[in-house]
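The values are calculated or read from the model by the stated rules, or taken from the named source; none is laboratory data. Only a predicted model underlies this, so the values are computations on that prediction, with no experimental measurement involved. Here the Cβ is made from the backbone with ideal geometry for all residues, glycine too, and neighbour counts use every protein chain on show. Note: accessible area is taken over every heavy atom of the protein model, side chains too, but ligands, DNA and RNA are not part of it. Shrake-Rupley method; radii C 1.70, N 1.55, O 1.52, S 1.80 Å.
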Amino acid sequence: MKSSAKENTSPGEAIRVQDVSLGYGEEPILQNLDFCVYSGEIVTILGGSGCGKSTLLKGLVGLLPPAKGHISVGGMEISGKDPKSALMAIRRRIGVLFQSGALIGSLTLGENVALPIEEFTSLPRDLIDDIVRLKLEQVRLADYARYMPAELSGGMKKRAGLARALVLDPEILFCDEPSAGLDPVTSAEMDELLMELNHSLGITMVVVTHELPSIEAISDRCIMLDREAHGIIAIGTPASLKAESTDPRVQAFFHRQARDKVGESLNRFTD
Amino acid sequence: MKQSSGIETGQTPEGNLVFIFHEPPDYGHARLLWEDARRILENQRPQGLVLDFAQTATIDSAGIALLRLIWRFCSQHGIALQYRSIPPSSEYFLRYVETGAGPPAGKLSLSPADLISGLGSFFLKQAQEVSDLIQFIGDFTVAALSSLRDFRRFRWREMFYYAQLCGADAMPIVFLMSFLIGLVMAFQAAVQLRQFGANIFVADMLALALSRELGPVFTAVILAGRSGSAFAAEIGTMKVNEEVDALTVMGFDITQFLVIPKVFALAFIGPLLTFLANAAGIFGGIVVGVLALELTVSSFIKEVYQILTLTDVFSGLAKSFVFAVLIALIGCFRGLQAEKGADSVGRQTTSAVVSGIFLIIIADAVFTVLFHVFNI
């Protein structure tokens, strides 16, 4: 067994991130990240636009190797020198819902959801069809199996993407902005769906979002990132962060207050 | 009090210079006011400057830009700046006056260090591209061998889909272009050959030129424009829509899933389309031969049959196989290089066609040398 695939989380930990820096160029967007996600909880990663939420998610699912540090998902280190085998092993155990749903445009909804089953199992056609129907029922899209992605609304695409992410019964689900761009009702439905999956199947979830209602509705814990700090500025439950945090950036986020820097210079003109 | 064309000047009891804007600092007067302000400041170099807005009703964006220039001038020359009687309607803009310390937006920096750095970045980018291409060819080779070993996992349906899209659907345009090329070539040759009574040699020239050179090259150019670009656009759009990321995190081998069916399809239909192009070109020659050179269909075909060898035909088909593989590979590679944004997909699509045609010419030159060396 390669060292990259060794067990590397404590019991109860689904994800462990140790001293991780992530970025695209020479300068990392995120530095010195340290946190863990426990099995069965819903953790939201939040912060303002451009703070690195999606970058962190890409790091956690192995799409972006960290510049330094260690990332373990489901007990497998995916950030070693040769992460390929660990990534291949872990990818069957995780599901990822992308911001746009990321459905393959040339395949029907049913074919999209069936894709991972066809690739990674040798189940017969009728069984595959039934699993697909079940997953589409779970996300309330049972009647749309023959539709092409272009024929669906944004919310339906996200739900279909969720069905595909869930099709191999993942232990951990990663969601990138699941309720962004949705109307309040569809957004609330998506939140309910995630909570239902978490409660009934015990799926650990890491959800990237900056939608306050969603954060307060679904999070067990929040990890807040900040663009200028290049990393985490707060970890805690949404209620505790909102009520107890003394960090003005956390308070500004939870109370929807603008941070107006140029406004400070106005004083000298208006006095 | 002195009045310049746009600015009235005065002095405070402390000896500071006062600017009273005679014209409003707006789009209509900003240029004039800046020229006046700079001239006065450069001549007088005061210790302090007071900008008085008592006669100014409003200040717009151009006025703020003017104030930013004055502020920057004062900062650079140690002149203390004060503001007086700011119109309330301009307070929103005024907060931005002293935030403009950086270089003007959009201005290109052209210092020698930046040029060297830019040159270095360019070469690093090229080196990275070569490295990515080598990696891509390596991935393709591994995936192709794995597909050939395990036919059950091969995506046949996609391969036939692309074979239809790039092959069957391209037949009319390939036929028409090759027919017209054959027609034009035969006509041009006929004008010369008729003078020597060598009409029949039009068939020889056309058959050899088409099957060895023009058929494969013209078909490849059509494929590059039609299919290479389509591959780049399709994969590029999939990247922009995060579909490639989704496939990756689901554990799919992107090369196996997206590249192999396209390359195999084009490798399969490239020689077939070339064969069609050769036949269409010869057919064009026959039309000219019969209508303008007093040749019969049977004499033309007999001449073609006599001059063409299997080597001529198969060397052309071998070329077209290699051209098709190169076009498909470069199309897929460019598609995978696309970044976020529709403009990137457009750039990569263009690049797929240009690189594809460039590679066809290079490969054709290599083939010509090889055929000459091995006497084929």
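Remarks
- Between 0 and 90°, nearest 10: helix B:260-292 axis offset from chain B longest Cα axis: 70
- Segment B:Thr309-B:Glu213, length gained on full extension (0.36 nm per residue, minus Cα span): 33.1 nm
- Accessible area buried, both sides summed, chains A and B with 1.4 Å probe, Å²: 2400
- Derived scalar couplings ³J(HN,Hα) [the range B:228-244; Karplus, 6.51 cos²θ - 1.76 cosθ + 1.60; whole Hz; x for Gly, Pro]: x, 5, 5, 4, 4, 5, 5, 5, x, 5, 4, 5, 4, 7, 6, 5, 5
- Loop trypsin sites (Lys or Arg not before Pro), the range A:33-87 (other Cβ atoms within 10 Å of the site Cβ: 15 or fewer; DSSP): A:Lys81
- Accessible surface of chain B, 1.4 Å probe, proportion on carbon and sulfur as whole %: 65
- Listed cross-link partners A:Lys68/A:Lys242; B:Lys262/B:Lys340; A:Lys68/A:Lys135; A:Lys157/B:Lys340; A:Lys242/B:Lys340 are compared with a 27 Å cut-off, the Cα-Cα value being larger for A:Lys68/A:Lys242; A:Lys68/A:Lys135; A:Lys242/B:Lys340.
- Note on A:Leu134 and A:Ser85: the model spin-label points, each 7 Å out from Cα along the C-beta direction, lie 3.2 nm apart.
- For the range A:141-181 versus the range B:41-72, the inter-centroid distance based on Cα atoms is 57 Å.
- Cα gyration tensor category, rounded, prolate or oblate, for the protein assembly as shown with a/c compared to 1.5: oblate
- Highest-MSF residue in chain B out of B:Arg226, B:Arg347, B:Arg45 [GNM, Cα springs under 10 Å]: B:Arg45
- Kyte-Doolittle mean at least 0.0 and Cα axial length at least 15 Å: DSSP H helices in chain A: A:109-120, A:184-201
- Under 5 Å between amide hydrogens, built in the peptide plane, is the criterion, and for B:Leu81 it picks out B:Leu49 among residues at least 5 positions away or on other chains.
- GNM top mover of B:Glu129, B:Glu294, B:Glu35 - chain B, alpha-carbon springs below 10 Å: B:Glu35
- Inter-probe distance in nm under a simple model that places probes 7 Å from Cα toward Cβ, at A:Asn32 and B:Gln55: 5.8
- 20 Å reach of a label modelled at A:His199, 7 Å along Cα-to-Cβ, counting backbone N of the range A:118-157: A:137-141
- When shorter helices are ignored and each DSSP H run of at least 4 residues is given -39500 (n - 2.57), the per-residue value for the protein assembly as shown at 222 nm works out to -17500 deg cm²/dmol.
- Phi-based couplings in Hz for the range B:314-326 (Karplus 6.51, -1.76, 1.60; Gly and Pro marked x): 6, 5, x, 5, 4, 4, 5, 4, 5, 4, 5, 4, 4
- When the Cα gyration tensor is reduced to axis lengths a ≥ b ≥ c, the ratio a/c is 1.5 or higher for the range A:9-91, and with a/b not above b/c it is classed as oblate.
- 0 to 90° range, to nearest 10: angle between helix B:30-44 axis and chain B longest Cα axis: 50
- Placed amide H near A:Ser79: partners under 5 Å, 5+ positions off or other chain: A:Ile71
- Sequence-distant residues sharing a close amide H with A:Lys68 (under 5 Å, placed H): A:Ser21
- Modelled label positions at A:Met148 and B:Ser121, each set 7 Å beyond Cα in the direction of Cβ, lie 4.0 nm from each other.
- Efficiency of FRET from Cβ geometry, A:Asp19 and A:Thr121, R₀ 35 Å, rounded to 0.05: 0.40
- Residue-wise HN-Hα coupling along the range B:113-123, computed from phi with Karplus coefficients 6.51, -1.76, 1.60 (Hz; x: Gly, Pro): 4, 5, 5, 5, 4, x, 5, x, 4, 4, 5
- Entry note: the range A:71-133 has Rg to Rh equal to 1.06, where both radii use alpha-carbon atoms and Rh is the Kirkwood radius.
- Fully extended contour minus Cα-Cα distance, from B:Phe283 to B:Ser131, at 0.36 nm per residue: 50.2 nm
- Note on B:Val297/A:Ser106: beta-carbon distance plugged into 1/(1 + (r/R0)^6) with R0 of 56 Å gives a FRET efficiency of 0.80.
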